[in-house]
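Here's the structure we're looking at; comments come further down.
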Amino acid sequence: MHATHKEVSIHGTGGELEGLLWVPHQPDEVRLAAVVCHPHPLYQGTMHNKVVYRTAKALDSLGIPVLRFNFRGVGTSGGSYDRGRGEEEDVRSAIDYLEDQFAGVPLLVAGFSFGAWVGLRAGCMDARVIEMIGLGLPIDDRKLEFSYLRTCTKPKLLIQGENDQYAAKAHFEDFAGTFSPQAATASRVVFVRMADHFFTDHLDEVAGAIHGWMRDRHPDWKPPHET
């Protein structure tokens, strides 16, 4: 999908955050805008991570404006790592930015690993966010608490590697089994066969899962190349 790529600055509570905004060239009005959150800042996580990039490309190919950004202390973003508290504020700042750019347009929040932890948590609590995508949720990391998903009833796609070293498949199935009936109904869990936490050599399947879920959610949409 051919898009306008813009380097942007997002006003955050810990300082200015650097970001990249893709706005597809399309004849139709914008019906959804998305932000994609990167993995752990202390382990080389940035907005250029390959899972984050491919997630953004999958959404861009559907004609959706996509914002990626660096959490505080990453790249040229101001501030410093804040153990998820400040990073959740960064997600809200990114949501604020998208609302300013696309007034009245509903939003989607996606995140990979640590980015899923803080991104989906912010998305569950923000009325502007109507859908979410989580990739590689590291539920076996005791420092990252995902219990909020048990009662979050917003539609969400959760994509996990079958061999994720930070979330055993059986553990994730047990975790999903603790969702409230309403949260379970709103959730789709996809396990990518033979994939590790980083979906190495399986990013095409990740993109396919995103496309399939989005088309099921929005059957009346046509990607720009199909119009």
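The values are calculated or read from the model by the stated rules, or taken from the named source; none is laboratory data. A quick note: this is a predicted structure, and the numbers were derived from the prediction, not measured. Ideal geometry is used to build each Cβ from the backbone, glycine not excepted, and the neighbour counts take in all protein chains shown.
Residues considered: GLY115, GLY111, GLY75, GLY123. Of these, the only one that is in contact with a strand residue (DSSP E or B) (Cβ under 8 Å, 6 or more places away or on another chain), part of a loop (DSSP other than H, G, I, E, B) and closer than 29 Å to HIS202 by Cα is GLY75.
Residues are listed down the side, and each one gets a yes or a no for (1) on the phi < 0 side of the Ramachandran plot; (2) of a type in the set (Val, Ile, Thr):
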{"residue": "ALA34", "(1), (2)": "yes, no"}
{"residue": "PRO39", "(1), (2)": "yes, no"}
{"residue": "ASP60", "(1), (2)": "yes, no"}
{"residue": "GLY63", "(1), (2)": "no, no"}
{"residue": "ASP90", "(1), (2)": "yes, no"}
{"residue": "ILE95", "(1), (2)": "yes, yes"}
{"residue": "GLY104", "(1), (2)": "no, no"}
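The residues on offer are THR178, THR185, and the sole one that is surrounded by fewer than 17 Cβ atoms within 10 Å (Cβ to Cβ), touching a helix residue (DSSP H, G or I) at 6+ places or on another chain (Cβ under 6 Å) and without any contact (Cβ under 8 Å) to a residue 60 or more places away in the chain is THR178.
Restricting the range 185-214 to residues that are over 16 Å from the mean Cα position of the chain (by Cα) and either at pLDDT below 95 or in a loop (DSSP other than H, G, I, E, B) (or both), the residue that is nearest to GLY134 (Cα to Cα) is ALA186. The set of residues from the range 61-78 being out of contact with any Ser or Thr (no Cβ under 8 Å at 6 or more places or on another chain), surrounded by fewer than 22 Cβ atoms within 10 Å (Cβ to Cβ) and modelled with pLDDT of 95 or more comprises THR76, GLY78. Among the numbered conditions (1) in contact (Cβ under 8 Å) with a residue 60 or more places away in the chain; (2) outside any loop (DSSP other than H, G, I, E, B); (3) of a type outside the set (A, V, I, L, M), tell me where SER80 comes up short. Among (1) in contact (Cβ under 8 Å) with a residue 60 or more places away in the chain; (2) outside any loop (DSSP other than H, G, I, E, B); (3) of a type outside the set (A, V, I, L, M), SER80 violates only (2). Of the residues making up the range 174-188, at least one is within 22 Å of SER61 (Cα to Cα) and in contact with a Leu (Cβ under 7 Å, 6 or more places away or on another chain). Put simply, of PRO181, PRO138 the only residue that is closer than 19 Å to ALA116 by Cα and of a type outside the set (Lys, Arg) is PRO138.
Residue-by-condition table, conditions (1) over 19 Å from TYR97 (Cα atoms); (2) of a type in the set (Phe, Trp, Tyr):
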residue	(1), (2)
LEU17	no, no
TRP22	no, yes
GLU29	no, no
ALA34	no, no
PRO39	yes, no
HIS48	yes, no
VAL51	yes, no
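When you look at LEU137, is it under 22 Å from GLY212 (Cα atoms) and not in a loop (DSSP other than H, G, I, E, B), yes or no? No, not satisfied. Pairs meeting the criteria (first residue in the range 159-172 and within 22 Å of TRP213 (Cβ to Cβ) and charged (D, E, K, R), second residue at pLDDT 95 or above and surrounded by 14 or more Cβ atoms within 10 Å (Cβ to Cβ), beta carbons under 7 Å, at least 6 apart or on different chains) are GLU162/PHE191; GLU162/VAL192; GLU162/ALA195; ASP164/GLY136; ASP164/ASP196; ASP164/HIS197; LYS169/GLU162; LYS169/PHE191.
Of the residues examined, VAL91 is one that is in a helix (DSSP H, G or I) and of a type in the set (A, V, I, L, M). Applying the selection to the range 114-151, what residues are within 26 Å of GLN44 (Cα to Cα), in contact (Cβ under 8 Å) with a residue 40 or more places away in the chain and in contact with a helix residue (DSSP H, G or I) (Cβ under 9 Å, 6 or more places away or on another chain)? Correct list: PHE114, GLY115, VAL118, GLY119, ILE133, LEU135, GLY136, PRO138, LEU144.
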